[in-house]
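In what follows, a single structure is set out as structure tokens and then discussed.
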Amino acid sequence: MANNIIFYFTDQQRWDTCGCYGQPLDITPNLDQMASEGVVFDNAFSPQPVCGPCRALFQTGKYPTETGCFRNNIMLPSGVKTLANYIEEAGYETAYIGKWHLDEPERNNSDAPVSGAYNWDAFTPPGVRRHHFDFWYSYGACDKHCTPHYWKDTPKQIQVQQWSPEHETDVAIDYLEHVNPDKPFSLFLSWNPPHSPYDCAPQKYVDLYDAKTMPLRGNVSTEHIHQHTGENMDMTEEQLRETTRGYFAAVSSLDDQFGRLLETLERLDLMKDTIVVLSADHGDMMGSHGLMAKHVWYEESIGIPLVVGGADLPVGRCGTVIASPDFAPTLLGLLGLETPACMHGQDRAQDIYTCATD
């Protein structure tokens with residue numbers, strides 16, 4: 001078993017944006033390279049395709065009926081044990097970077113929070129609400145991809161003028177360069193793109209694609225594009241292709257950052273002893289069935305990538321159905337740790353080895 005684990009997860013990235021799932025455009029070369037050397041799950045799903053609830057699912061391995069996180073902006077109860085609890089108890093350093101979205105909005109309790117948090121956002125102070133993540137560089141829910149902000153251990157907001165995945169990757173690389181050599185580590189890195197807004201990716205990634213030739217799924221309809229709750233988002237086909245271009249551009253930017261992290265692991269001689277997992281909280285309809293965003297149980301909304309590589313894992317594809325509640329027990333299983341009896345999810349670690357040669 002490997003000593004370390006890194007879990008990268010994106011927000012609103014569906015499975016078919018990746019080459020390893022058949023995407024014909026060369027959009028994710030770094031992920032595809034790792035996929036060719038690791039294990040690809042062909043049937044990974046988000047059973048509750050909304051940001052907060054899904055994050056609670058894969059942090060706890062428990063359904064919303066127990067955690068109470070059945071919609072966005074409900075705080076994960078402090079008494080609920082998460083992956084970080086169990087991993088820390090096993091002797092690991094734990095780190096969280098990026099979007100958290102498992103705390104309640106500070107505006108619920110104050111019109112002018114000291115932290116400057118607004119709308120759904122929140123500074124999560126050190127203590128039980130961090131659920132045993134030791135290193136913290138995060139925010140609650142803020143989708144300003146080009147001008148993000150973060151908090152460490154004080155309410156002082158860290159404001160950044162940089163594409164958020166690039167900045168968070170800088171922080172992650174610095175963390176990896178200073179890990180305690182005497183303890184294994186677990187790093188969770190949560191990138192917000194390609195979540196809307198879709199027109200924020202750096203221009204060099206937008207220029208990779210031609211809006212006129214962006215692939216649209218066969219079930220896309222532009223007659224009346226709307227949200228699942230009925231809000232009108234009418235677009236022409238030309239506008240939808242431009243939106244899809246921005247979505248793909250954001251995915252390409254994430255793949256570049258993923259490549260930087262893989263290079264760092266190689267440079268620091270950590271790859272051989274680190275399990276690397278990449279997935280997403282849910283997908284995006286992107287015009288399929290006339291819908292945008294998520295919230296619905298079509299495959300475009302619930303289908304997610306799940307690629308596991310690094311360390312001594314085998315090479316192949318796994319057809320086992322796996323869903324977000326299975327992530328926590330499976331990650332624990334990959335580290336040789338038992339699934340707690342309180343978790344609803346299933347440990348699929350063994351499937352990685354038995355399905356890899358199918």
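The values are calculated or read from the model by the stated rules, or taken from the named source; none is laboratory data. Nothing here was measured: the structure is a model prediction, and the numbers come from that model. All Cβ positions, glycine included, derive from the backbone under ideal geometry; neighbour counts span all protein chains shown.
Observations, loosely collected:
- Given (1) farther than 20 Å from Asn219 by Cβ; (2) in a helix (DSSP H, G or I); (3) not hydrophobic (A, V, I, L, M, F, W, C), index of the condition Arg317 fails: (2)
- Only one of the listed residues (Pro165, Pro148, Pro125) is in contact with a Leu (Cβ under 7 Å, 6 or more places away or on another chain) and at pLDDT 95 or above. That residue is Pro165.
- Within the range 247-271, the set of residues being outside any helix (DSSP H, G or I) and within 14 Å of Ile6 (Cα to Cα) comprises just one member, Leu270.
Every residue, every condition in (1) of a type in the set (A, V, I, L, M, F, W, C); (2) buried (at least 18 other Cβ atoms within 10 Å of the Cβ), yes or no:
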position: Leu189; (1), (2): yes, yes
position: Ser196; (1), (2): no, yes
position: Tyr209; (1), (2): no, yes
position: Asn219; (1), (2): no, no
position: Glu223; (1), (2): no, no
position: Gly230; (1), (2): no, no
position: Thr236; (1), (2): no, no
position: Thr244; (1), (2): no, yes
position: Ser252; (1), (2): no, yes
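- Among the conditions (1) under 19 Å from the mean Cα position of the chain (by Cα); (2) surrounded by fewer than 18 Cβ atoms within 10 Å (Cβ to Cβ); (3) not aromatic (Phe, Trp, Tyr), the only one that Ile6 does not satisfy is (2).
- Verdict on Val276 being out of contact with any Phe, Trp or Tyr (no Cβ under 6 Å at 6 or more places or on another chain), at negative phi, not in a loop (DSSP other than H, G, I, E, B) and not aromatic (Phe, Trp, Tyr): yes
- Qualifying residue in the range 314-336 (condition: surrounded by 18 or more Cβ atoms within 10 Å (Cβ to Cβ), farther than 18 Å from Ser46 by Cα and out of contact with any strand residue (DSSP E or B) (no Cβ under 7 Å at 6 or more places or on another chain)): yes
- The residues of the range 9-38 that are among the hydrophobic types (A, V, I, L, M, F, W, C) and surrounded by fewer than 19 Cβ atoms within 10 Å (Cβ to Cβ) amount to a single one, Leu25.
- Search result, residues across the range 125-141 that are surrounded by fewer than 23 Cβ atoms within 10 Å (Cβ to Cβ), of a type outside the set (D, E, K, R) and not in a helix (DSSP H, G or I): Pro125, Pro126, Gly127, His132, Phe135, Trp136, Tyr137, Ala141
- Residues that are closer than 23 Å to Ala280 by Cβ and outside any helix (DSSP H, G or I), drawn from the range 231-246: Met233
- Selection count where residues are of a type in the set (S, T, N, Q), under 22 Å from Val50 (Cβ atoms) and in a loop (DSSP other than H, G, I, E, B), scope the range 190-227: 3
- Residue pairs whose Cβ atoms lie under 7 Å apart, separated by 6 or more positions or on different chains, with the first residue in the range 119-147 and touching a residue at least 60 places away in the same chain (Cβ under 8 Å) and the second surrounded by fewer than 18 Cβ atoms within 10 Å (Cβ to Cβ), are His131/Asn85.
- Checked against (1) in contact with a Pro (Cβ under 7 Å, 6 or more places away or on another chain); (2) on the phi < 0 side of the Ramachandran plot, His295 passes all but a single condition, namely (2).
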